[in-house]
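The next block holds one structure in the form of structure tokens; read it before the comments.
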Amino acid sequence: MIIRISDIRLELGEDQEMLRQKAASSLKLLSSQLEITRLVRKSIDARRNRIQFCYSLEVEVEERLLEMEKLESLPNIRLRTAAAPPMLLPRTGLKGLKPVIVGSGPAGLFCALKLLQYGVKPLIIEQGEPMEKRIMSVERFWSGGALNCRSNVQYGEGGAGTFSDGKLTTRLDDPRVDEVLQGFVKFGAPEEILYLKKPHIGTDIIRQAVVAMRHFIESQGGEVRFNTRLTDLTVKDGRVQNLVVNDRDELDCDLAILAAGNSARELYRLLELRGISLVSKPFAVGVRIEHPQSSIDRMQYGKFAGHPELGPADYQFTYKDQRIGRSLYSFCMCPGGYVIAASSGPGQVVTNGMSYASRDNRLGNSALVVAVTPADWQNRVMGGLEFQESLESRAYEMGGGNYCAPAQRLDDFLEQKTPANQLHGHGTYRPGLNAASLWTLFPEDIAKTLQNGILYWGRKAPEMLHRDAVLTGVETRTSAPLRIVRDEQRRCEGIENLYPCGEGSGYSGGIVSSAVDGIKTAEQIIGG
């Protein structure tokens, strides 16, 4: 019999071999009477000035050894009941389908992998470059070279998650989450992502996994075409007839899957032009804040900071400004990481965060973002996109051109002082930083919410106000600024063979939830 036991705790420095003994004790058995079959979850509890590792385990025990009635009354013990993905009954004519997937991010890749399981061989088109060339284009840009508007941090093989912390966390309660994590392990990610509460694989490992996925897709009869941009589509009698790529070439397709990222601005404008239903949605904008990673470790771990078993700490804060009526929260925290230039359009500065699997940089960073809603742009469908672009253009001007970013020391921002010029060595953003007042970047209520929220957090965690902390702007690509309306069959409203999915569709956010959305779209296509 398989039993799941949660909330088994080990002290810092306590040998992991103690897990079996503590699991047996919770069942009132000897350690020799059970076997640990799976580590389900591992997390850190750093509350109350004490560090503990918290585990959930699955163990195998002979049923005759258990007192079932007593077990049922224990809140941390239950029989394993694993939800399974739905069994699919493929529809007639499935293998003859010729689907085209637009985008090679998590949604597109996992959609393709699921389709291939049922003999459907998709074509993936990607406007950006394959991984090696894309990395070279991005590195040239970061070193002061020209921005490649078709292949950059946002566009190219693997999507925006390629240049990130590689976070694989999600709030989804869906059996397909395990399918996604198992998929990453299959293609080179470490097995620990299957049980860590906050799994991440870093930009270096996710790059390797994405390339391995592409090679597998191709080996199974799928096709991936890079430097292939969707520029138009023909809709007739409620169906997509063909796609136009690179302004000249037509692609016939039985169905199309729109798996673009949340920066797919040209796609959004094309869909609006072709009369496809879009609605505006909330997102958030703000800055990246950088601290010495050692100060973040002290903030979270106190006297235990630096212990080799702990690794670099992260944090998560939220704040509601009751007077102003806006919310502030930390987002996409990258311990031991880098603030990166994530621009995708000319004359626009965008920031994001990235780290390698080792998370060994001396600085950590997080986005601090304020929620904005369609009311901020009078509920216009394209208003959120325009709101993003206005901030990004303003940041470009404040950075002095050449994609340098406006930045300000935290203490100067909080006191609304003229920004100090001593930024050298305090930030990781390339091509470079230009000292500027971030109060002139944002509408006043957004800047004020940032100020009030940071001061509020600083009262609870003084290291947040570290004298070497630096703010860099602007963070705008937290999620899609609009949603492509889809029906219960996951199709664009009124078009029977056009399927929007993933982050760019406005229905998911992050690597795992986007991959799950891609899988669910493939399942709909398979089952009809």
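The values are calculated or read from the model by the stated rules, or taken from the named source; none is laboratory data. Every value quoted in this text rests on a predicted model; they were computed, and no experiment measured them. Glycine gets a Cβ as well: all are built from the backbone with ideal geometry, and neighbour counts include every protein chain shown. SASA here: full protein model, heavy atoms, side chains in, ligands and nucleic acids out. Shrake-Rupley method; radii C 1.70, N 1.55, O 1.52, S 1.80 Å.
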Seminar exercise, completed: Given a 1.4 Å probe, the accessible area of the chain per residue, as a whole number of Å², is 43
For this session: Report the local net charge at Lys520: Lys and Arg +1, Asp and Glu -1, summed over other residues whose C-beta lies under 13 Å from its C-beta.
Result: 0
Problem set entry | For segment 119-241, alpha-carbon Rg relative to the globular expectation (2.2 N^0.38 Å, N residues) | 1.22
For this session: Sort 258-267, 324-333 for me by packing, meaning the mean count of neighbouring Cβ atoms within 10 Å per residue, highest on top.
Result: 258-267, 324-333
Problem set entry | Neighbour net charge for Leu196 - beta-carbon separation under 9 angstrom, K R +1, D E -1 | +3
Exercise. Restricting to lysine pairs 8 or more places apart or on different chains, what number in segment 74-175 have Cα atoms under 26 Å apart?
Worked result: 7
For this session: With N denoting the number of residues in segment 1-50, provide Rg(C-alpha) divided by 2.2 N^0.38 Å, to two decimal places.
Result: 1.22
Exercise. So which GluC sites (Glu not before Pro) in segment 291-395 end up in coil per DSSP with only 14 or fewer other C-beta atoms within 10 Å?
Worked result: Glu309
Exercise. Any idea how far apart Glu309 and Glu35 come out in nm if each label point goes 7 Å out from Cα toward Cβ?
Worked result: 2.7
Exercise. With every protein chain left in place, what is the accessible area of Glu496 in Å² (1.4 Å probe, nearest 10)?
Worked result: 90
For this session: Take the Cα of Arg323, step 7 Å along the line toward its Cβ, and report every residue of segment 459-477 whose backbone nitrogen sits under 19 Å from that point.
Result: 459-460
Seminar exercise, completed: Packing-ranked peptide list from 161-167, 222-228, highest mean Cβ count within 10 angstrom first, is 161-167, 222-228
Exercise. By average Cβ neighbour count within 10 Å, what is the ranking of 499-508, 110-119, 482-491 from highest down?
Worked result: 499-508, 110-119, 482-491
For this session: Find, among the trypsin sites (Lys or Arg not before Pro) in segment 372-477, those assigned to loop by DSSP (not H, G, I, E, B) with at most 10 other beta-carbon atoms within 10 angstrom.
Result: Arg467
Exercise. Which of the lysines could be linked to Lys320 by a straight reach, that is with a Cα gap under 23 Å, when you skip same-chain ones fewer than 8 residues away?
Worked result: Lys281, Lys448, Lys460
Exercise. For Ser366, which sequence-distant residues (separation of 5 or more, or a different chain) have an amide H within less than 5 Å of its own amide H, given hydrogens modelled in the peptide plane?
Worked result: Ile289, Cys334
Exercise. Taking 0.36 nm per intervening residue step and subtracting the Cα-Cα distance, what contour gain separates Thr373 from Asp15 on full extension?
Worked result: 124.0 nm
Exercise. Using alpha-carbon positions, what is the distance between the centroids of segment 362-427 and segment 452-478, in Å?
Worked result: 13
Seminar exercise, completed: antiparallel share of DSSP beta bridges within the chain, to nearest 5, in %, is 80
For this session: Give me the percent of the accessible area of segment 433-528 that comes from carbon and sulfur atoms, probe 1.4 Å, all protein chains in place.
Result: 41
Exercise. Which of rounded, prolate, oblate describes the chain, given a ≥ b ≥ c as roots of the alpha-carbon gyration tensor eigenvalues and a/c under 1.5 marking rounded, otherwise prolate only if a/b is larger than b/c?
Worked result: oblate
Exercise. Between Lys28 and Asp45, what length comes free when the chain is fully extended (0.36 nm per residue of separation minus the Cα-Cα distance, one decimal in nm)?
Worked result: 3.6 nm
Exercise. Can you pull the Kirkwood radius for segment 1-147, inverse mean 1/r over Cα pairs, to one decimal in Å?
Worked result: 20.4
Seminar exercise, completed: Plugging the Cβ-Cβ distance of Ser219 and Leu79 into 1/(1 + (r/R0)^6) at R0 = 51 Å yields, to the nearest 0.05, a FRET efficiency of 0.80
Seminar exercise, completed: Here the Cα Rg-to-2.2 N^0.38 Å ratio for segment 64-199 is 1.46
Problem set entry | Sequence of Asp411, Asp178 from largest to smallest accessible area, 1.4 Å probe | Asp178, Asp411
Exercise. How fast does segment 232-283 diffuse by Stokes-Einstein, in µm²/s, taking the Kirkwood radius from C-alpha pairs at 10 °C and 1.306 mPa s?
Worked result: 129
